[in-house]
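> My structure is below; once you've seen it, I'll send some questions.
The values are calculated or read from the model by the stated rules, or taken from the named source; none is laboratory data. The model shown is predicted, which means the values in this text are computed figures rather than measured ones. Note: ideal-geometry Cβ built from the backbone for every residue, glycine included; neighbour counts use all protein chains shown. When the accessible area is computed, the model is the full protein with side chains, heavy atoms only, and any ligands, DNA or RNA have been set aside. Shrake-Rupley method; radii C 1.70, N 1.55, O 1.52, S 1.80 Å.
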Amino acid sequence: MYGKTICTIVFFVFLIASYSIYMGTVDPSPYFSQLQSLPRGISSSSSSPCTSTTTARSLRVFMYDLPRKFNIAMMDPRSSDVEPITAENLPPWSQTSGVQRQHSVEYWLMASLLHGGGDEAVRVFDPESADAFFVPFFSSLSFNTHGKNMTDPDTEFDRLLQVELMEYLENSKYWQRSGGRDHVIPMTHPNAFRFLRQQVNASILIVVDFGRYPRDMARLGKDVVSPYVHVVESFREDGVVDGDDDSTPDPYESRSILLYFRGNTVRKADGKIRRQLEKLLAGNSDVHYEKSVATTQNIKLSTEGMRSSKFCLHPAGDTPSSCRLFDAIVSHCVPVIISDKIELPFEDEIDYSEFSVFYSVKEALEPGFILDNLRQFPKEKWLQMWENLKNVSHHFEFQYPPKREDAVNMLWRQVKHKIPNVKLAVHRNRRLKVPDWWL
């Protein structure tokens with residue numbers, strides 16, 4: 001009896017459903033299409049929120065064809081403008097450039113475009129199709145090449161280069177169209193482009209920090225924070241098992257120095273803390289704190305010292321950041337950062353607290369505070385930070401040709417993130433009768 005009742009109910013449900021589909025009140029296609037769209041063997045619950053389902057379009061970058069005196073002629077004075085700069089005739093960055101290497105971001109960005117771009121940016125030759133315009137002026141190298149201070153007569157050549165460049169840009173249809181807002185200008189040395197900075201304050205500036213810039217010129221919402229190019233060699237064999245030998249040394253125990261610093265202790269502005277720390281940390285056998293200048297030999301010694309240390313000290317320099325932080329990262333030495341005004345590259349994608357220790361200046365100058373904390377730092381936590389350093393260090397590598405997720409590709413991605421706000425500003429500016437009326 002119950003069986004006949006159940007069969008009757010099923011029959012009527014099927015009849016009603018069939019009638020609804022026939023009359024158009026129920027559309028079964030979405031349900032079937034969802035099932036059909038899943039690859040065989042993959043259930044709907046197995047997809048990861050971190051897996052991208054679409055490929056984002058690369059940033060389209062037009063690079064100005066500037067005379068070589070604005071860029072590679074500073075590396076090779078014999079370079080001629082007879083033929084265009086290409087990936088084939090681009091001179092390699094000198095391995096003996098020493099401390100100048102830290103400010104070479106401009107070179108690696110230009111090199112990536114000569115190569116065609118990378119995962120995040122592609123070079124286009126039609127400016128009408130460009131999202132952004134790259135200005136290949138080596139402003140940092142120009143400062144290092146043409147005089148060292150404002151009173152040096154050689155700085156006049158640097159100033160004239162900036163004047164000529166601005167005349168060139170201001171006559172460009174594309175600079176005029178956006179007011180320079182969609183133009184990308186690297187200036188990673190704190191004194192780069194120092195004569196005419198105010199004329200490029202609307203552009204996307206590639207800087208290492210904001211220590212020498214007023215807020216109306218450079219800020220996080222508009223500009224991109226870049227890493228310094230590290231000058232020590234990357235520690236690629238750290239924790240690598242040699243052949244069949246699985247007795248890899250304990251990285252925590254093998255790094256015998258607790259805290260390491262080697263560098264100039266006489267700095268301006270917030271960098272004055274270096275002298276104070278030198279006095280506070282003196283006399284501790286597990287601390288290496290040495291005054292030094294960046295020579296080829298001293299860079300080698302720093303490489304060895306960082307690889308032998310658990311923690312590497314990063315106090316502010318003349319500006320809030322310095323190359324030392326990125327030397328520590330590629331050495332897998334946990335950075336101890338003491339700089340209240342520091343800004344860090346790629347921080348929308350990278351959580352520095354996972355592999356760095358931060359102290360305020362006030363905390364750092366309290367006698368015994370830093371060493372007491374570091375001596376009690378749990379080994380397990382340090383090992384996790386060490387592993388995290390190894391996992392992120394490739395994001396801080398500048399190389400040619402560029403590789404996936406390296407520093408150059410990360411920088412182009414950061415530029416790409418700025419473009420929507422650039423377009424908003426350009427479009428608003430075209431119709432506003434009273435610019436920025438709300439201020």
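> Could you give me the ³J(HN,Hα) list for the range 350-358, computed from phi with Karplus coefficients 6.51, -1.76, 1.60 and θ = phi - 60°, whole Hz, x at Gly and Pro?
The phi angles translate into 10, 9, 5, 5, 7, 9, 9, 10, 10 Hz.
> In what sequence, largest accessible area first, do Lys300, Lys362 appear using a 1.4 Å probe?
Working: Lys300 120, Lys362 175 Å².
Heavy-atom accessible area, descending, gives Lys362, Lys300.
> Please list, by residue number, every one of the trypsin sites (Lys or Arg not before Pro) in the range 379-439 that is coil in DSSP and has at most 14 other beta-carbon atoms within 10 Å.
Sites meeting the loop and neighbour criteria: Lys403, Arg404, Lys433.
> Further question on the same structure: If R0 is 22 Å, what FRET efficiency do you get for Ser256 and Gln376 from their C-beta distance, rounded to 0.05?
Working: r = 18 Å, r/R0 = 0.81.
Efficiency at R0 = 22 Å is approximately 0.80.
> Given the Cα-Cα distance of Lys300 and Glu278 and 0.36 nm per residue of separation, how much length would full extension add, in nm? All intermediate terms of the calculation are to be shown ahead of the outcome.
Working: separation 22, 0.36 × 22 = 7.92 nm, distance 2.17 nm.
Result: 5.7 nm gained on full extension.
> Using 0.36 nm times the number of residues separating Glu128 and Val266, minus their current alpha carbon distance, what extension gain do you get? Show your work: numbers first, answer last.
Working: separation 138, 0.36 × 138 = 49.68 nm, distance 4.92 nm.
Gain on extension, Glu128 to Val266, equals 44.8 nm.
> A further question on this structure: Mind listing the long-range amide H neighbours of Ala121? Cut-off is under 5 Å, sequence gap 5 or more, other chains count too, H placed in the peptide plane at 1.01 Å from N.
When sequence neighbours closer than 5 places are left aside, the close amide H contacts are Leu59.
> Take the Cβ-Cβ distance between Leu424 and Asp152 as r, set R0 to 51 Å, and report the resulting FRET efficiency rounded to the nearest 0.05. Spell out each step's value before the answer.
Details: r = 42 Å, r/R0 = 0.82.
Step by step, r from the Cβ atoms, then E = 0.75.
> Separate question: Give me the lysines in straight-line cross-link reach of Lys341: C-alpha distance below 27 Å, same-chain residues under 8 apart excluded.
Lys148, Lys222, Lys268, Lys272, Lys279, Lys291, Lys310, Lys362, Lys381, Lys390, Lys416, Lys418
> Carbon-plus-sulfur fraction of the accessible area of the range 263-337, 1.4 Å probe, in percent?
Numbers: 1430 of 2940 Å².
Roughly 49 percent of what the probe reaches on the range 263-337 is carbon or sulfur.
> Where does each of Leu313, Leu160 land when they are ordered by accessible area, with a 1.4 Å probe and the largest first?
Working: Leu313 0, Leu160 85 Å².
The ranking, largest first, comes out as Leu160, Leu313.
> Now for a different question. Roughly how much of Tyr228 is accessible, in Å² to the nearest 10, using a 1.4 Å probe?
About 10 Å², rounded to the nearest 10.
> I'd like the GluC sites (Glu not before Pro) in the range 84-130 restricted to DSSP loop residues with at most 12 other Cβ atoms within 10 Å, sorted by number. Mind dumping the intermediate values first?
On the way: sites: Glu88, Glu106, Glu120, Glu128; in loops: Glu88, Glu120.
Passing sites in the range 84-130 are Glu88.
> Tell me which aspartates and glutamates have Cα within less than 12 Å of Lys423's Cα, excluding those fewer than 8 residues away on the same chain?
Within reach: Asp131, Asp182.
> Show Ser80, Ser339 ordered by accessible area, largest first, where the area counts protein heavy atoms only and the probe is 1.4 Å.
These residues rank, largest area first, as Ser80, Ser339.
> Tell me, what is the 1.4 Å probe accessible area of Asp340, in Å² to the nearest 10?
100
> Considering only protein heavy atoms, what is the solvent-accessible area of Trp108 at a probe of 1.4 Å, reported in Å² to the nearest 10?
Number for this one is 20 Å².
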